[in-house]
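We did not get these values from a lab; they are worked out from the coordinates using the rules stated. In this text, all values refer to a predicted model and were calculated from it rather than measured experimentally. Here the Cβ positions follow ideal geometry from the backbone for every residue, glycine too, while neighbour counts run over all protein chains shown.
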Amino acid sequence: MFYKSVIRPLLFRFAPEFIHHFVFVSLKIFFSIPGLSGLLRSYCLPDHKSLKKELLGIKFDSPVGIAAGFDKNAQLYKQMFSLGFGFIEVGTVTPEGQIGNPKPRLFRLPSDKALINRMGFNNAGYKAAVQRLSHRNPKEPVGGNLGKNTCTLNNVAVEDYALLFEELFNSVDYFVVNVSCPNISDLKELQDQKALVEILESLQSINNNKPKRKPVLLKISPDLNNKQLDEVIQIVDQTKIDGVVAVNTTITRNNLKAASSKIKLIGNGGLSGKPLQKRALEVVRYLSEKSNKSFPIIGVGGIFTPDDALAMLEAGADLIQVYTGFIYEGPFIARRINKAIIKNSLSKL
């Protein structure tokens with residue numbers, strides 16, 4: 001494949017965060033060519049009934065989406081639909097813009113097909129996201145991933161989430177509450193059942209007073225044990241939220257091929273990519289089976305190939321998301337997965 005043999009080695013010569021911005025600019029220029037978006041969309045996203053899905057009251061042309069963290073500021077969501085993705089999750093968005101953690105804060109582990117990041121919710125704030133999302137096509141589903149500002153104390157974090165929910169309500173189709181990112185100081189404390197219920201019930205109170213409510217999902221950590229996953233199921237039932245996004249990045253560093261000296265030098269951060277695949281599947285399968293499929297699950301973590309995607313769907317995910325897989329596998333990852341889903345559905349006829 002040309003991307004893996006030529007383009008990726010060239011891109012990987014440069015710092016990851018620099019390349020992230022470079023790719024954004026390049027794709028914007030590339031898609032400014034008249035007629036290109038439509039041609040690519042038809043190439044990457046076949047019009048086939050096996051890809052179409054209605055979930056959470058939203059119609060998806062494909063179950064393959066881009067996870068939060070890729071398009072933090074809603075700058076590239078239009079172009080990503082042309083690459084065959086069925087939905088885009090923007091953010092994590094915070095009330096005020098913030099620069100995030102000091103650089104360097106994004107690292108590659110090529111031997112593991114992984115990334116480690118400690119970005120720290122760097123984003124331009126909700127006002128920038130709202131402005132950019134005002135131009136979107138309402139038929140192309142966009143989710144909003146919500147987080148608190150780093151300087152916001154946990155005892156008033158509910159106010160940050162409530163503000164974001166109100167301000168982004170008319171700009172996105174669904175919401176994801178992010179309290180599981182390992183790169184924000186003390187954020188994990190909000191995964192405590194009492195704190196989490198307070199946040200979710202506050203959002204649901206706002207939601208239920210709207211003329212038409214919107215889906216609210218919870219993004220969870222892969223590092224939760226089974227008892228904590230049981231609590232997640234209880235929280236979904238108690239707060240009547242609409243579903244779960246499983247999973248976020250992990251703080252574990254188990255069974256990596258990269259040298260331990262390199263891992264130690266990188267330091268703290270959330271690990272994503274292939275090493276997360278097994279655990280992501282376990283979490284999705286556990287939640288699906290233990291809850292008796294009582295709520296929708298968006299599966300994310302270690303999806304690189306069509307087989308990875310099919311395994312996640314078979315484990316119980318209703319939709320799937322990629323991020324690190326897009327970096328390693330290239331811009332046509334959604335096309336390959338879409339074709340595999342179609343082929344898999346036809347084989348069952």
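When the strands (runs of 3 or more DSSP E) confined to region 1-108 are screened for residues that are within 28 Å of Val179 (Cβ to Cβ), within 18 Å of the chain's Cα centre (by Cα) and not charged (D, E, K, R), those reaching at least 1 such residues are found at 53-55, 58-60, 64-66, 87-93. Among the residues making up region 125-145, those that are crowded, with 17+ Cβ neighbours inside 10 Å and in a helix (DSSP H, G or I) are Tyr126, Ala129, Val130, Arg132, Leu133. Here is the figure for region 109-124: residues that are in a strand (DSSP E or B) and either surrounded by fewer than 18 Cβ atoms within 10 Å (Cβ to Cβ) or among the polar types (S, T, N, Q) (or both) total 2.
All of (1) within 23 Å of Leu256 (Cβ to Cβ); (2) not in a loop (DSSP other than H, G, I, E, B) hold for Ile341 with one exception: (1). Within region 124-145, the set of residues being under 24 Å from Pro104 (Cα atoms) and either under 15 Å from the mean Cα position of the chain (by Cα) or among the basic types (Lys, Arg) (or both) comprises just one member, Asn145. Filtered by the rule that a residue be free of Cβ contacts under 8 Å to residues at least 24 places away in the same chain and touching a Ser or Thr at 6+ places or on another chain (Cβ under 8 Å), region 109-166 gives a lone residue, Glu159.
A quick yes/no check of all residues on (1) under 21 Å from Lys52 (Cα atoms); (2) aromatic (Phe, Trp, Tyr); (3) not in a helix (DSSP H, G or I):
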site	(1), (2), (3)
Val245	yes, no, yes
Asn248	no, no, yes
Arg253	no, no, yes
Asn268	no, no, yes
Lys278	no, no, no
Gly302	no, no, yes
Leu310	yes, no, no
Ala317	yes, no, yes
Leu346	yes, no, no
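Under 29 Å from Ser37 (Cβ atoms), among the acidic types (Asp, Glu) and not in a strand (DSSP E or B): does that describe Glu159? So Glu159 fails the test.
Out of everything in region 280-300 that is outside any helix (DSSP H, G or I) and β-branched (Val, Ile, Thr), what residue ends up being surrounded by the most Cβ atoms within 10 Å (Cβ to Cβ)? Break it down stepwise before answering.
From region 280-300, those outside any helix (DSSP H, G or I) are 291-300; that's our starting set.
In the following step, the residues that additionally are β-branched (Val, Ile, Thr) were identified as 297-298, 300.
Values: Ile297: 25, Ile298: 28, Val300: 31.
By that ranking, first place goes to Val300.
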